[in-house]
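Bear in mind that the values in this text are calculations on the coordinates, not laboratory data. The structure presented is a predicted model; accordingly, all values stated were derived computationally and were not measured. All Cβ positions, glycine included, derive from the backbone under ideal geometry; neighbour counts span all protein chains shown.
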Amino acid sequence: MKSRILECRVNSLLGVMLDDAESFTNAFKCILTNFPEAAPERWNIVEPINKPFDIHEIEKKASSSNFDMLWKRISYPKGWGSIQKITYPKKGAQHARFDFELKIRRDLESKLCCFLKKIASKFSTDYISINFSHPEYCRFQRLSDGEFVPTWVLRKWLPDIFWGQIFGRPYIDLFGMEKLLSCPAYKVEMISDDLVYMQITESIFDAAEDYSYFDAKRNEAKMFLDDNIFFDPEKSVEYVRRLQSQGPEIFEANKIFPEDHIYKTPEFKIDKLSPINWFGGKMSQ
């Protein structure tokens, strides 16, 4: 049966800080301008997300708040999301983020992809992934913080290839532009010198409806690209054992030890945005 509505999950790690009211509000304005079909209808700093959406009120709040802001839609396409400024916890500087989930029909698929390219260009994005809900993904999501992939995971490994992704300059440097553009995916598009869009199959709906085909095409792309970059449970046996024995299903930073960092990883721009760099909870000037 063809999927009428599919829940799509977008994970965006921005190369800018969003640490001032103007840039933070511009993230909301970006969706209003470039993807009005998915414009937020409610917002708040914490649950419940019940305040009528007002861009002027958000701009005022952003000037004094260090919290991320939540938003949701109650009409089609239903969904929710969050926009978060850069943070500096002990586990290292974490990207400013633009994450959301939307339940869409096929009519919005191309608009969603175009919108993400706009985000990538406007906010110097380091990494975007476009995913979908499927039972087979549950096993994998235990290795990627459940719903979204955080910065501290990407400092250890790249979890997988998703249906769609946009690689920013850190990953272009890691993989190499020529290799990315030669990947055997349905679509590989050079958005700019610093951004590459990759789509594994023609439609995310087809991928969800024929998961085995999608998974085979994803593995083909991953095998072509991999140079000890993607997480491999056979290489990280002890990590997987700790995860399985300690739980919960969604792993935490304290379950990743220094010896787990055996993969090639990118150097992110956010590590240069602050005079203090954070790595694994240690500070260095």
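Once you keep just the Cα pairs under 8 angstrom separated by 6 or more residues, what percentage relative contact order results for the range 7-273?
In percent, rounded to a whole number, it is 20.
So, R0 is 25 Å and r is the distance between the beta-carbons of Ser212 and Met177; what FRET efficiency does that work out to, to 0.05?
Here the calculated transfer efficiency is 0.20.
Please give the peptides 107-113, 161-167 ranked by average Cβ packing (other Cβ atoms within 10 Å per residue), highest first, as a rough proxy for protection.
161-167, 107-113
In what sequence, highest mean first, do 89-101, 190-202 appear when ranked by Cβ atoms within 10 angstrom?
Those peptides, ordered most packed to least, come out 89-101, 190-202.
Say the dipole of the range 7-273 comes from +1 at the beta carbon of Lys and Arg and -1 at that of Asp and Glu; which of Ile58, Phe224, Ser121 then lies farthest toward its positive end?
Checking the options against the dipole of the range 7-273, the answer is Ile58.
Charges at C-beta only: +1 for Lys and Arg, -1 for Asp and Glu. How large is the resulting dipole of the range 6-161 about its Cα centre, in Debye rounded to 20?
200 debye
Which value, in Å³ per residue, describes the convex hull spanned by the Cα atoms of the range 1-143?
124 Å³
When the chain is fully extended, how far beyond the present Cα-Cα distance does Asp271 get from His56, taking 0.36 nm per residue of separation?
Here the answer is 74.3 nm.
Just to verify a number: FRET efficiency for Tyr186 and Ser124, C-beta to C-beta distance, R0 = 30 Å, to 0.05?
Computed FRET efficiency for Tyr186 and Ser124: 0.70.
How large are Rg and Dmax for the range 7-273 when calculated on the C-alpha trace, in angstrom?
18.0, 51
For the pair Arg42 and Asn228, what calculated FRET efficiency results from E = 1/(1 + (r/R0)^6), where r is the Cβ-Cβ distance and R0 = 51 Å, to the nearest 0.05?
That gives a FRET efficiency of 0.70.
How about Lys61: which lysines have a C-alpha closer than 21 Å to its C-alpha, ignoring those fewer than 8 places off in the same chain?
Lys61 reaches Lys29, Lys51, Lys72, Lys85.
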